[in-house]
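First the structure, in the form of structure tokens, and then the observations on it.
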Amino acid sequence: MRILVTGGAGFIGSHLLDRLMQEQHEVICLDNFYTGTKRNISKWFDRPNFELIRHDITEPIRLEVDQIYHLACPASPVHYQYNPIKTTKVSFLGTANMLGLAKRVKARFLLASTSEVYGDPDVHPQPEEYHGNVNTIGIRSCYDEGKRIAETLSFDYHREHNVEIRIARIFNTYGPRMLENDGRVVSNFIAQSLKGNPLTVYGDGSQTRSFCYVTDLVDGLIKLMNGDKTGPINIGNPEEYTILQLAEKIRDRINPGQEISFKPLPQDDPKQRKPDITKATNWLNWQPTIALEAGLTETIAEFKQRLIVEKGC
Ligand code: NAD
Ligand code: UDP
């Protein structure tokens, strides 16, 4: 099968590429390297079934493919808030371009949507039927509303043009290759502990998140793409932790004496988040297999390699 992965040089995209390459597909990685790096995918450069295209998806492109995993979009608050107008353009124009491509070549299209479509949820855990509590004008709106319109566009291409779509609502995912400076909580706490800096907990740390290890997530995306359900389907790990618990867990594994420093809570920061994965379990026969402890071990080891060996921190 010839498979296009937009955002393939990024964190999740590169792990997905690894799986697709191991399964011997013809894989095209399309990326503008805004947050992705060649280092994440360089091991595939000399393979004849791998192709890399530097391209910004807000511009149309013509390719011949059977499946499109559409992941291109800055995903961490630091990066998506850096140029919020661009983030909205990537979500709307970029997704419209990729859906147009899917329509033209009759490819199946999977959108990497997000738990952020639920906003600051007042239903807990979040089932797919919940329509969310999203601020249209806040600093997170470019991303949250961007993904909501991307879902809308996907369904309208499906209804109007019979494009085969799949919508994955991805919950917080972590693992090796997260950027150390992307401001996300797992990467921040690991990098801070390794560098001997205080761990920055925003607010009082009572807000919750659920963390899915990246290989589990990739498994869910592949099952969704190749199954017969359109979705949207939540893909995430329902084990829920407060941010303070996460800080203590990571600190105690790397640098037990390290200080925790409390900082102001960012605007519109969701108070709680946990996926209801009944649909993923029943429809895809999917559930996460890697517990937080095991996933953190892998992630910390790779960060150590990058920070201590490569940068001499
Ligand atoms: P990432 O920032 O590591 O990857 C995004 C990739 O898209 C990068 O390689 C970047 O260079 C590329 N990109 C950005 N703008 C582009 C453009 N205009 N044209 C071409 N390429 C572009 O982020 P990630 O964590 O790997 O997230 C991948 C996808 O999954 C995103 O769509 C994100 O919204 C979604 N998602 C991620 C999480 C998570 O916890 N990581 C949670 C929910 C949803
Ligand atoms: N967070 C924190 N310290 C950090 C980075 C993040 O306390 O150094 C908090 C953040 O306020 C949020 C949670 O951790 O409540 C998850 O943040 P992240 O940006 O990783 O993901 P998202 O908010 O998009 O779920």
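Laboratory data are not the source of any read-out in this text; all were calculated from the coordinates shown. Just so it is clear, the model here is predicted, and its values are computed rather than measured. Don't worry about glycine lacking a Cβ; one is built from the backbone with ideal geometry, like all the others, and counts go over all protein chains shown.
Remark: spin-label model distance residue 124-residue 269 equals 1.5 nm, labels positioned 7 Å along the Cα→Cβ axis.
One quarter of the convex hull surface built on the alpha carbon atoms of the range 165-313 amounts to 9.2 nm², the projected area averaged over directions. Both the radius of gyration and Dmax for the range 1-146 are 15.9, 49 Å, in that order, over alpha-carbon atoms. Stretching residue 155 away from residue 249 to a fully extended chain increases their span by 29.8 nm, per 0.36 nm per residue minus the current alpha-carbon distance. Kirkwood radius, the chain, all distinct C-alpha pairs, inverse of mean reciprocal distance: 19.7 Å. Between the C-alpha center of the range 174-204 and that of the range 1-74 there is a gap of 26 Å. Working note: Cα gyration tensor of the range 7-56, eigenvalues times five, square-rooted, sorted largest first, giving semi-axes of 16, 11, 9 Å. Relative contact order for the range 184-246: 43 percent, from Cα pairs under 8 Å spaced at least 6 residues apart, divided by residue count. Expressed per residue, the C-alpha convex hull volume of the range 223-293 stands at 120 Å³.
Take every DSSP beta bridge whose two residues both sit in the chain, then give the antiparallel share in percent to the nearest 5. Taking every DSSP beta bridge with both residues in the chain, the antiparallel ones total about 10 percent. For residue 274, the amide hydrogen comes within under 5 Å of the amide hydrogens of 126, counting only partners 5 or more places away or on other chains and with H modelled in the peptide plane. Think of it as helices only: each DSSP H run of n ≥ 4 in the chain is worth -39500 (n - 2.57), and spread over all residues that comes to -11000 deg cm²/dmol at 222 nm. Computed over the alpha-carbon atoms, the range 252-308 gives an Rg to Rh ratio of 1.10, Rh here being the Kirkwood radius from the mean inverse distance. When peptides 197-204, 39-46, 142-149 are ranked by their average number of other Cβ atoms within 10 Å per residue, the highest-first order is 142-149, 197-204, 39-46. Applying a DSSP loop filter and a limit of 15 other Cβ atoms within 10 Å to the GluC sites (Glu not before Pro) in the range 76-136 leaves 129.
Among the listed pairs 38/195; 147/271; 229/279, which are separated by more than 18 Å between their Cα atoms?
Correct reply: 38/195; 147/271.
Normalised by the number of residues in the chain, the mean separation of alpha-carbon contacts (under 8 Å, six or more apart) gives a relative contact order of 17 percent.
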